[in-house]
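Student: Sharing a structure below in structure tokens format, with a few things to ask.
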Amino acid sequence: MTNGSGDGCLYATRVMHRRRVPPLYRFVYRVFYLLVDVDRLDALSSRLRLFSVDRFNLLSLRTRDHGDGRGLRAWAESLLGSRGIELDGGRIRLLTFPRVLGFAFNPISLWYCDHRDGRLRAVIAEVNNTFGEKHSYLLASDGAPLPYDVPIEKEKVFHVSPFLDRLGQYRFTLGAPDARVRVAIHETREGEAILDATLAGERRALTDAAILGQVLRMPWMTAKVVAGIHWEALKLWLRGARFHRKPEPLRPDVS
């Protein structure tokens, strides 16, 4: 991490979505993400005036927004332990949208879970939809070290867009969150490309000046994300995209 601190950083990112089936469509938008060490949130909140944990600020992180409310590390370790994955106290980092002036919507948050030996063991892709539902995809290799930049396939089981049904497969390709962050998610159905979603950006030091600069450049960022989702959906509907009613969510909430 920059600034001599391992508690967190910002990423100024560019997000792209490309629909690969008719009606073809592509859009790009700029956002910023927060990467935090879940064990160092108190230190992070103490050293910054414009960032807080579980209370209002220009930027904030509400722990209840993630996991099941029992605490970030407790939830992640419980989930991993139920699948036979042990971190032995290793670092867990969360890449997510912060709340901006108290508001947040996170289409996807990524939990990078390292073993004590420093090697990645799992990534939890925590996905939210605009219906208030959540599902987590566990990306792992049976507890063995998980290499970055190696595609991982998962069955799609969670309803996200009303213009795509719940059938298909995801292929996740994740780079290490270092000087740059890179995430690519490709959706297919029976080998046919359906959707590409990518996130790429550069690390920024997590300082009060950087927070203020990002918010001034992107005020009400998370509110704009929600508005943008509905605006793009309207344009797809006007172009004739087939509408799919929301199915009942599947259980369990982790796959």
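Student: Go through the range 48-126 and tell me which strands (runs of 3 or more DSSP E), entirely inside it, have 2 or more residues that are surrounded by 13 or more Cβ atoms within 10 Å (Cβ to Cβ) and touching a residue at least 24 places away in the same chain (Cβ under 8 Å).
Tutor: Fully inside the range 48-126 and qualifying: 59-61, 92-96, 108-114.
Student: Right, next: Being in contact with a His (Cβ under 7 Å, 6 or more places away or on another chain), within 20 Å of residue 254 (Cα to Cα) and in contact (Cβ under 8 Å) with a residue 60 or more places away in the chain is the filter here; which residues of the range 158-187 pass it?
Tutor: Those that are in contact with a His (Cβ under 7 Å, 6 or more places away or on another chain), within 20 Å of residue 254 (Cα to Cα) and in contact (Cβ under 8 Å) with a residue 60 or more places away in the chain: 158, 165, 166.
Student: Given 19, 40, which one is surrounded by 13 or more Cβ atoms within 10 Å (Cβ to Cβ), basic (Lys, Arg) and modelled with pLDDT of 95 or more?
Tutor: 40
Student: What number of residues within the range 21-47 satisfy the criterion of being among the aliphatic types (A, V, I, L, M), farther than 16 Å from residue 205 by Cβ and part of a strand (DSSP E or B)?
Tutor: Of the residues in the range 21-47, 2 are among the aliphatic types (A, V, I, L, M), farther than 16 Å from residue 205 by Cβ and part of a strand (DSSP E or B).
Student: Counting only residues that are within 28 Å of residue 32 (Cβ to Cβ) and either at pLDDT 95 or above or hydroxyl-bearing (Ser, Thr, Tyr) (or both), how many does the range 151-196 have?
Tutor: The total comes to 23.
Student: Still on this structure: Just one of 196, 178 is among the acidic types (Asp, Glu) and under 18 Å from residue 94 (Cα atoms); which is it?
Tutor: Selected residue: 178, the only one of 196, 178 that is among the acidic types (Asp, Glu) and under 18 Å from residue 94 (Cα atoms).
Student: Out of 26, 20, which single residue is among the charged types (D, E, K, R) and in contact (Cβ under 8 Å) with a residue 40 or more places away in the chain?
Tutor: Of 26, 20, the one residue that is among the charged types (D, E, K, R) and in contact (Cβ under 8 Å) with a residue 40 or more places away in the chain is 20.
Student: Something else about it: Out of 33, 25, 11, I need the residue that is under 21 Å from residue 170 (Cβ atoms), within 19 Å of the chain's Cα centre (by Cα) and surrounded by 14 or more Cβ atoms within 10 Å (Cβ to Cβ). Which one?
Tutor: Just one listed residue meets the conditions, 33.
The values are calculated or read from the model by the stated rules, or taken from the named source; none is laboratory data. Please read all numbers here as calculations on a predicted model, not as lab measurements. Methodologically, a virtual Cβ is constructed for each residue, glycine included, from the backbone with ideal geometry; neighbour enumeration extends over all protein chains shown.
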